[in-house]
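Below is one structure. I have some questions about it.
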Amino acid sequence: MSLLEISSFAAGQWVAPGAGARNIASAITGEVMATAGNDALDVQAMLDHARTAGGANLRRLTFHDRARMLKALAGHLNQHKQALYDLSFDTGATQSDHMIDIDGGIGTMFVFASKGRREMPDGHVYLDGEVEQLSRNGTFLGQHICTPLRGVAVHINAFNFPVWGMLEKLAPTLLAGVPAIVKPATNSCYVTELAVKLMLGSGILPEGALQLVSGGLGDMLDHLTMQDVVSFTGSANTALKLRANPVVLENSIRFVAEQDSLNASILGPDAAPGTPEFDLFVKEVSREMTTKAGQKCTAIRRIIAPQAQVDAVIEALSGRLAKTKIGDPRLETTRMGALVSNSQKRDVLEKAKVIGQEAERVFGNPDSFNVEGADAEKGAFVPPMLFHCADPDKASRVHDTEAFGPVSTIMGYRDLGHAIDLANRGQGSLVASVITHDPAVAREVAIGAGAYHGRLYFNNRDSMKESTGHGSPLPHMVHGGPGRAGGGEEMGGVRGVKHYMQRTAIQGSPDILSAIGEKWVPGGSEIKGPAHPFTRKFGELSIGETLHTAPRTVTLEDIETFAHFTGDTFYAHMDDEAAKRNPFFPGRVAHGYLLLSFAAGMFVQPDEGPVLANTGLDSLRFMKPISAGESIKVRLTVKKKTPRNEEYGEVRWHVNLTNQDDEIAAEYELLTMNAF
Ligand code: NDP
């Protein structure tokens, strides 16, 4: 078999392996199949290329442009995923493992594309939170903004997810407007290289946005600056070594780490054998132990069950694990493939031995198990192994030793407090799960264990059909954890994009804030348009364009009519004496919704025109009641514009309803869809 030469993509050129290249063996046959790495890689040229070409090209685009780019990239990868599947088998992964890595990675990119369009502006500045009132008269305000870092994101990834591991970091990085240099783990870098080739070949990415290091990273970290970010996934030892790099420390370079952790799953005290929760627990644990042959950063390493149920769990789990067919991942019957390499196999067996000092192996024998379609000796195969730790309070290795394979330890708990203590003994994990139908149990665990875990996953009979699994990090939710898990955070929707941006507190006048944020701030200058704003197309409207209506007097008859027409005869609108007894009202007052309806009637331009629909109303506040005889007037201002597609965009209007003394009676934001 000819060796695959796995190249790097550096400063616009593909660079073949050279001096210092490392051999990569197939996980299934143990035979060398590829080579990667080149000591002569010019890391400074790569960093320069990313910072100058990549960063500048990406920052020219808006968040929406970049979100559209991600969608196109994900679509392109989706069309070519068969080639990625075909190549991935040699990493030891089965077809269902590929679905997690390849389809999961593409899906993650699609979610970021969609969140970028829906939750970020079609501009260059992301507003973080609301305007802060810093002065009595509102002439000096505060606003936090995020802008992309001016450096490069260096992604150092683990071997277990050569595609997802890259895309879950790349999507938020590119959406932020920051170029990336991806360094996959050498053992599975041939799959990443193909995914990078596909993305670059698509022509969707601007020059310099994405580069690849196959093999060693050289001294790249020594050349980083304070505008760069390192985002790492892998072992705690490597993370410690890299984050202690003097250049990283001296320049306070962001170092996001996601590392191995001792994730736990708790069987709730209510979930006895015979309940749907018990069966669900056994199913989830066995799936987590065997998917990717247990090489998942989120896999369940510690199984925490009520003391009385330990034997029943061991029996049920062993029954399920016994049905797991191990073998060549290309075979359809195979449920669990191989570890990524024979060196990982040695490591897993060594760690299993360490765990064995404190726990008894109750299922799985690494010296005797069946492997179908492959040679158990040559390939990196191991069986699922279940240990039972009888005294988890005294034990320590079971709480700190991660065998990165299909290895898990069951331990019993006395009461829920004890279960929480045991879960927290991992000293920080990516995820802990609780299978319970009792919301009180869930609440106690959330309060007692939340601080130790990046994600808490609760499942039971109500959610099991649609739940996504203990081990699946989702692009919408934060992935990362404290302490042992690395102390970092990834994804979590727009939160993950912010890791590649700088948050800056902006202080200034309303006009200054409006200009920076491309969003009108109350107190800012008003623009008088040439015609009623409802007659103007999306593109014609300016931020700050304002309409002032004529006043309208509210009468008692209006209140009566509205009350009987809608059925809202609440006493505050109908009974003067009762209303006076209420501390909020001076007597009978107009319905808030009557005022809103009047407001619509006062600012609307009724003819067919560019306003296509009223799609909502946000942040409504009734601030001062209006009594019969008082008059109201409305100010309508274009606050923000967001294109939605080629035909129309969303206009967010600031609406302010005042009384005859210019006191604010109600304030809200109105959303309309306007034609281009
Ligand atoms: P490592 O920590 O050794 O490697 C992770 C990444 O870091 C790889 O890309 C590796 O590249 C790179 N790397 C290693 N040393 C350096 C260095 N000096 N400078 C720059 N980059 C470096 O983890 P492994 O992939 O070997 O896995 C080992 C253990 O890590 C597993 O047994 C498991 O315990 C844990 N792990 C945890 C994961 C998680 O998601 N939490 C995922 C995978 C592993 P290269 O491959 O070229 O050495």
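The values are calculated or read from the model by the stated rules, or taken from the named source; none is laboratory data. The structure displayed is predicted, hence computed values, not measured ones. Here the Cβ positions follow ideal geometry from the backbone for every residue, glycine too, while neighbour counts run over all protein chains shown.
For the subset of segment 402-426 comprising residues that are in contact with an Asp or Glu (Cβ under 7 Å, 6 or more places away or on another chain) and part of a loop (DSSP other than H, G, I, E, B), which member is farthest from the ligand (Cβ to nearest atom)?
Glu402
Checking the conditions here, which among Ala531, Ala590 is part of a loop (DSSP other than H, G, I, E, B), loosely packed, with under 15 Cβ neighbours inside 10 Å and among the small types (Gly, Ala, Ser)? Talk me through it step by step, then tell me what you get.
On the way: Ala590 fails: loosely packed, with under 15 Cβ neighbours inside 10 Å.
Criteria check complete, one pass: Ala531.
Just checking, which of Gly203, Gly218, Gly208, Gly274 is within 16 Å of the ligand (Cβ to nearest atom), out of contact with any strand residue (DSSP E or B) (no Cβ under 7 Å at 6 or more places or on another chain), assigned to a loop (DSSP other than H, G, I, E, B) and not basic (Lys, Arg)?
Working: Gly203 fails: within 16 Å of the ligand (Cβ to nearest atom); Gly208 fails: within 16 Å of the ligand (Cβ to nearest atom); Gly274 fails: within 16 Å of the ligand (Cβ to nearest atom).
After applying the criteria, what remains is Gly218.
Under the condition of being surrounded by fewer than 20 Cβ atoms within 10 Å (Cβ to Cβ) and within 8 Å of the ligand (Cβ to nearest atom), which residue from segment 239-271 is farthest from Thr409 (Cα to Cα)?
Going through the qualifying residues, I end up with Leu242.
Which of the residues belonging to segment 517-528 are surrounded by fewer than 20 Cβ atoms within 10 Å (Cβ to Cβ) and outside any loop (DSSP other than H, G, I, E, B)?
Quick first cut of segment 517-528, residues surrounded by fewer than 20 Cβ atoms within 10 Å (Cβ to Cβ) only: 518, 522-523, 525-528.
Result: Ile527, single match.
Among the numbered criteria (1) basic (Lys, Arg); (2) part of a strand (DSSP E or B); (3) surrounded by fewer than 19 Cβ atoms within 10 Å (Cβ to Cβ), which single criterion is violated by Lys624?
All conditions pass for Lys624, except number (2).
Which residues, counting only those in segment 8-60, are away from the ligand (no atom under 14 Å from the Cβ), assigned to a strand (DSSP E or B) and either hydrophobic (A, V, I, L, M, F, W, C) or in contact with a helix residue (DSSP H, G or I) (Cβ under 7 Å, 6 or more places away or on another chain) (or both)?
Answer for segment 8-60, where residues must be away from the ligand (no atom under 14 Å from the Cβ), assigned to a strand (DSSP E or B) and either hydrophobic (A, V, I, L, M, F, W, C) or in contact with a helix residue (DSSP H, G or I) (Cβ under 7 Å, 6 or more places away or on another chain) (or both): Phe9, Ala10, Trp14, Val15, Val32, Met33.
Which residues, taken from segment 543-585, are farther than 15 Å from Asn659 by Cα and in contact with a Lys or Arg (Cβ under 8 Å, 6 or more places away or on another chain)? First the steps, then the outcome.
Pass one, segment 543-585, residues farther than 15 Å from Asn659 by Cα: 543-547, 556-585.
Matches in segment 543-585: Ile543, Glu545, Thr546, Leu547, Leu556, Ile559, Ala572, His573, Met574, Asp575, Asp576, Ala579.
Let me ask something additional. Restricting attention to segment 18-57, report how many residues are on the phi > 0 side of the Ramachandran plot and modelled with pLDDT of 95 or more.
The first filter runs over segment 18-57 and keeps only residues on the phi > 0 side of the Ramachandran plot, leaving 20, 30, 37.
In the following step, the residues that additionally are modelled with pLDDT of 95 or more were identified as 37.
The number of residues fulfilling the criteria is 1.
List every residue pair whose Cβ atoms sit under 6 Å apart, with the two residues 6 or more apart in sequence or on different chains, where the first one lies in segment 7-25 and is free of Cβ contacts under 8 Å to residues at least 24 places away in the same chain and the second, anywhere, is within 15 Å of the ligand (Cβ to nearest atom) and aliphatic (A, V, I, L, M).
none
Across segment 491-507, which residue is nearest to Gly107 (Cα to Cα) among those that are crowded, with 16+ Cβ neighbours inside 10 Å and in contact with a Leu (Cβ under 7 Å, 6 or more places away or on another chain)?
Of all residues in segment 491-507, those crowded, with 16+ Cβ neighbours inside 10 Å come to 491-494, 496-501, 506.
Pick out the ones that are also in contact with a Leu (Cβ under 7 Å, 6 or more places away or on another chain) and you get 497, 500-501, 506.
Details: Val497: 16, Tyr500: 21, Met501: 23, Ile506: 35 Å.
Per the stated criteria, the residue is Val497.
Against the conditions (1) within 24 Å of the chain's Cα centre (by Cα); (2) of a type in the set (A, V, I, L, M); (3) surrounded by fewer than 18 Cβ atoms within 10 Å (Cβ to Cβ), where does Met226 fall short? Just the number, please.
(1)
For a quick check of your reading of the model, give me the residue pairs whose first member lies in segment 418-440 and is touching a residue at least 60 places away in the same chain (Cβ under 8 Å), whose second is surrounded by fewer than 19 Cβ atoms within 10 Å (Cβ to Cβ) and of a type in the set (Ser, Thr, Tyr), with beta-carbon atoms closer than 8 Å and at least 6 apart or on different chains.
The qualifying pairs are His437/Thr275.
Looking only at segment 366-401, which residues are hydrophobic (A, V, I, L, M, F, W, C), in contact with a Leu (Cβ under 8 Å, 6 or more places away or on another chain) and part of a loop (DSSP other than H, G, I, E, B)?
Ala380, Phe381, Val382, listed by residue number.
Looking only at segment 335-351, decide whether some residue is under 33 Å from the mean Cα position of the chain (by Cα), away from the ligand (no atom under 16 Å from the Cβ) and surrounded by fewer than 22 Cβ atoms within 10 Å (Cβ to Cβ).
Taking every residue of segment 335-351 in turn, at least one turns out to be under 33 Å from the mean Cα position of the chain (by Cα), away from the ligand (no atom under 16 Å from the Cβ) and surrounded by fewer than 22 Cβ atoms within 10 Å (Cβ to Cβ).
Further question: I need the helices (runs of 4 or more DSSP H) fully contained in segment 77-194, keeping only those with at least 2 residues that are in contact with a His (Cβ under 9 Å, 6 or more places away or on another chain) and either more than 13 Å from the ligand (Cβ to nearest atom) or touching a residue at least 12 places away in the same chain (Cβ under 8 Å) (or both). So that I can check it myself, show each step before the final result.
Working: elements: 81-88, 95-98, 104-119, 164-176.
Hits in segment 77-194: 81-88, 104-119, 164-176.
In the list Thr147, Thr139, Thr173, which residue meets the criterion of being surrounded by fewer than 24 Cβ atoms within 10 Å (Cβ to Cβ), closer than 22 Å to Leu224 by Cα and at pLDDT 95 or above?
Numbers: Thr139 fails: closer than 22 Å to Leu224 by Cα; Thr173 fails: surrounded by fewer than 24 Cβ atoms within 10 Å (Cβ to Cβ).
Unique residue meeting the criteria: Thr147.
One line per residue, one yes/no per condition, for (1) surrounded by fewer than 22 Cβ atoms within 10 Å (Cβ to Cβ); (2) within 17 Å of Tyr190 (Cβ to Cβ); (3) of a type in the set (Lys, Arg):
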residue	(1), (2), (3)
Glu5	yes, yes, no
Asn23	yes, yes, no
Ile28	no, yes, no
Thr52	yes, no, no
Phe63	no, no, no
Arg66	no, no, yes
His76	yes, no, no
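Any residue that is under 17 Å from Ala50 (Cβ atoms), under 22 Å from the mean Cα position of the chain (by Cα) and modelled with pLDDT of 95 or more - is there at least one of those in segment 230-250?
Yes - at least one qualifying residue is present in segment 230-250.
Which one of these is over 30 Å from Val229 (Cα atoms) and more than 47 Å from the chain's Cα centre (by Cα): Thr535, Thr566, Thr549, Thr561? Steps first, please.
Details: Thr535 fails: more than 47 Å from the chain's Cα centre (by Cα); Thr566 fails: more than 47 Å from the chain's Cα centre (by Cα); Thr549 fails: more than 47 Å from the chain's Cα centre (by Cα).
On inspection, the qualifying residue turns out to be Thr561.
Picking from Ile304, Ile314, which residue would you name as being part of a strand (DSSP E or B) and β-branched (Val, Ile, Thr)?
Numbers: Ile314 fails: part of a strand (DSSP E or B).
Among Ile304, Ile314, only Ile304 is part of a strand (DSSP E or B) and β-branched (Val, Ile, Thr).
Can you find a residue in segment 282-290 that is within 16 Å of the ligand (Cβ to nearest atom) and touching a strand residue (DSSP E or B) at 6+ places or on another chain (Cβ under 9 Å)?
Yes, some residue in segment 282-290 is within 16 Å of the ligand (Cβ to nearest atom) and touching a strand residue (DSSP E or B) at 6+ places or on another chain (Cβ under 9 Å).
Filter segment 429-456 down to the residues that are buried (at least 22 other Cβ atoms within 10 Å of the Cβ) and assigned to a strand (DSSP E or B), then identify the one that is nearest to the ligand (Cβ to nearest atom).
That would be Ser429.
Can we say Ala236 is surrounded by fewer than 22 Cβ atoms within 10 Å (Cβ to Cβ), among the aliphatic types (A, V, I, L, M), without any contact (Cβ under 8 Å) to a residue 12 or more places away in the chain and within 15 Å of the ligand (Cβ to nearest atom)?
On the way: surrounded by fewer than 22 Cβ atoms within 10 Å (Cβ to Cβ): yes; among the aliphatic types (A, V, I, L, M): yes; without any contact (Cβ under 8 Å) to a residue 12 or more places away in the chain: no; within 15 Å of the ligand (Cβ to nearest atom): yes.
In short, no.
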